[in-house]
Amino acid sequence: MRDAATTENDGAVSRRTLLATAGGAAAAGLALPLVQALPAAAAARDLRPVSMAMHIHGSFSEGTASYETHLRQARLNAVDVIWWTDHEFRVGAHDHRREVRFEGLREVVNTMEWTWTRSTEGAVTSGAAEFVDDPHSPDEPGKAMRLTAAGTGWGILWYTAAAWNQTFSGSLADSTLQLDVLAEQTGPGRELVLELNTSYHPARGGRAAGRYLLQYRIGGSTSGAIVRRAEGLRGYVEIPVPQNQWQRVTLRPVDDMRAIWPDLVAADNSMHQLRLGVRVTGQAPTQVVADRLRIDYGRRDGAGGIELRREVLANYAGEFADVTHYEAFEMSMVRHLNWIGGELAMPELPSPPRRNNDPDLTEEMIEFMHAHGALVQWNHPLDAATPEELVRLMIERNSLGADLMEIGRTPFDDLRWVFDAAARNALFITGVGVSDDHAGQNWANLADNNITYVWAASKAKNDLVDALRAGRAWWVDPVRWRGAMDIELAGRRALGSALVTTAARLNVRLTATGLPDGGALHIIESPVDLPGVADPSPATTSTVVPAASLVNGRVDHLVVPGDGSFVRLQARDAQNRVIGESNPFWILRDEPPHGIPAARRLRG
C-alpha cells in the first residue's frame, strides 16, 4: 500500500447529490449543489465544468448492462457525458463462435473452448446429455447431443454454454440462431428449451427493473402457430415441431423481443447467457436430440458493428436528450486503451483474439488511433506491471504515446504513486477517474464510482477532447463530493499546463469549491528533477488547508519552484478520505526531454 488515505467508495449516493445544478438542488429543498460557484477564470473564458463517465460498457460488450440502464444512471447521477467504450473485437464479433457441432461437452476451435455444464431446476430426478453417433443432423456429420430427463413434477435439465472469453455474448441486435432438432419424446410441458438471459434495463411499462429472459420452448406441440407471450421480464416463444423428423429451427431473438415487449429497445440486449435443456412435467420422460447450432451475427461483423451499434444508440436520442453520449472503443488486443474522440475505425485484429502486452504492439495501436484523430486513454495500467515497472516503461517510452491514463480507480494508492512519479519526470499525461462499469445498475454504489470533470467550452466532442488534451481535468468520488477544482496563475487557468520560467517564486490561486465540513484541501507539490529510471518514485510533499480556511473555495499559495516543480490538488473529507484529485501544473526551468505539448504550454 502506498498511501493509507485512499478513496473509499462504500456509500450509496443520496438524493441531495443527484441534482445537476445548485438551482436544481434549491428547488428540491436539498442542500448540496454538484458544482459550486465557478472561478473567475472560467467565466472569463466561457469554460464550465462538464462531468463524464469515461469507461462504460453496454450491450455490445460482455457484461449485463444495456445502454438504456447506463443512460438512466447518468441522469440519476447528474453526469453530463458518457463515452461508450465497448471492446472493439466484441463490437465486430471478431472470432466469435459461429458453429457448435455437439461433439462433446468440450469443443475447441482455433484454440478457443466451448463447454457445456449440467445443472437441474425443479423436480428432475434423472437426466443427462449423451453424445451419440446416430441419430445426427443430415447436414452435420459426427455426433449429436441427446438430452433425456425424467422427474416427479415440473423441472428442467439444463446445459449452460460457455465460450472462451465469452466469445459468443454481446449484442443480439442482428443475430440469428439455427438449431437442428429431433423431437423423440415431447409433448405439452415436455419440450426442448433454448434460453437467452439478456441485458438489464430500468423499470419500464409497469415492469420492474431487471434482466430480460427469452425462452424458446420447442416441441410442446406438433403443429400450429408460433406463440409469443410475456410474464413480466420473462418472454416465451412456443414453437411446434413434428416428432421423429429432423427440423431446422431459426430464431431471431431481436424480432421476438420486439414482438413480446414493443416498448423496449429490443436491439439493446446482449446474448449474455445461453443454455439448452429439456423440460419435464410429471413422470413422463422427455427426450430430444439437438445438433448443428449456428450463430450468425449479421451486420455485427468487423467494421459493420460500428454502424450497427450507432443505430442501436440512436433509439435513445429522444428519451435521453439530456445525456450526451459518444461512441468510443476499448482496444483490447494490446494493453487496454480507450479511443476518445476522432473517427472510429476497426483495426486488423489477431486470430485468436488474445491480448498481447508487448509495449511495441501497444505503441503501434496508439499510433493507429492517433492517425484517426483519437486521444488514447491507457486503461487499468497496473494489470500488466508493478508500479515501479510501469513508471520505468513510461519514462523510457514517453508513456508509449498515450494521452490519458486511468488514475482515479483502484488501486488508488499505487496509481497515485505512479502518477506523481511520472509528473516528477515531466511526463504529460492527463489523469482521469473511471468506473469501468459493465452492469449499469447503481453507479453511485460501485467500488470504483469515479467520474471525471473537465473545464470545457461545451459538451461537444471536440471541446471535450481539447480539454482532456490540455489536462484541464479532475476526478471525484461523486457520493462524497462534486466540487470544482482549478489552478490559476495571474488570472489565467494553469490546470494541466506547463510553464517554462526563471521566476524564483509564483503565487497561484487554488480552487476546490464546496468541500465538506471538516474536510481539507491538500496541496501536493514535488520537484521536477527528472531522476529517470534510476529513481522511479514520487517525491511529493503536502500542505493541508482546512476547508474552513478557504474563501469562496479558494486559497492563494506561494510556489518556490527551485529547479522545477509541479503542484496539484487533492480534496479530503472529515474522515481524511480522498474524494477528489486534480491534474498538475508544472513550473519548469528548461524544456523537458520530450518537450511540452502545444495544448499544455502556458506562455508569459
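The figures follow:
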item	result
Among 94, 500, 510 - extreme Cα towards positive end, dipole of the chain, charges at beta-carbon	510
Net charge of neighbours whose Cβ lies under 12 Å from the Cβ of residue 329, counting Lys and Arg as +1 and Asp and Glu as -1	-3
Positive dipole terminus of the range 81-171, leading residue within 152, 165, 142 (C-beta point charges)	152
Using θ = phi - 60° and Karplus 6.51 cos²θ - 1.76 cosθ + 1.60, couplings along the range 113-126 (whole Hz; Gly, Pro as x)	7, 10, 10, 10, 10, 7, 7, 10, 9, x, 8, 7, 9, 7
Fewest-first sequence of 221, 497 by Cβ atoms within 10 Å of each Cβ	221, 497
Leading residue at positive end of dipole, the chain (Cβ point charges), from 592, 352, 580	580
Size of charge dipole - the range 79-232 - debye, nearest 20, with Cβ of Lys, Arg +1 and Asp, Glu -1, no other charges	620 debye
Electrostatic dipole magnitude of the chain [Cβ: Lys, Arg +1; Asp, Glu -1; Cα centre; debye, to 20]	1600 debye
Potential lengthening between residue 222 and residue 121 on full extension [0.36 nm per residue; Cα-Cα distance subtracted]	33.8 nm
Rough spin-label spacing in nm, given labels placed 7 Å along Cα→Cβ, for residue 208 and residue 492	5.9 nm
Amide H contacts under 5 Å for residue 496, placed H, 5+ residues apart	585
Mean ellipticity per residue at 222 nm, deg cm²/dmol - from DSSP H runs of n ≥ 4 across the chain, formula -39500 (n - 2.57)	-4500 deg cm²/dmol
Point-charge dipole on Cβ atoms (K/R +1, D/E -1) for the range 404-537, about Cα centre, debye to 20	540 debye
C-alpha long axis of helix 461-470 to longest principal axis of the chain, angle in °	50 degrees
Total formal charge among the other residues, if their Cβ is under 10 angstrom from that of residue 145, Lys/Arg +1 and Asp/Glu -1	0
Residue 113 long-range amide H proximity, modeled H, under 5 Å	164
Rounded to whole Å, sorted largest first: equivalent-ellipsoid semi-axes of the range 99-296, Cα gyration tensor	25, 21, 16
Least to most buried among 475, 116 (fewest other Cβ within 10 Å first)	116, 475
Kirkwood-type radius of the chain, with distances r between different C-alpha atoms, in Å	26.3 Å
Ranking of 537, 119 by count of other Cβ atoms within 10 Å, fewest first	119, 537
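All of the numbers you see were taken from the coordinates with simple rules; none came from a lab. Please read all numbers here as calculations on a predicted model, not as lab measurements. Neighbour counts run over all protein chains shown; Cβ positions are idealised from the backbone, glycine included.
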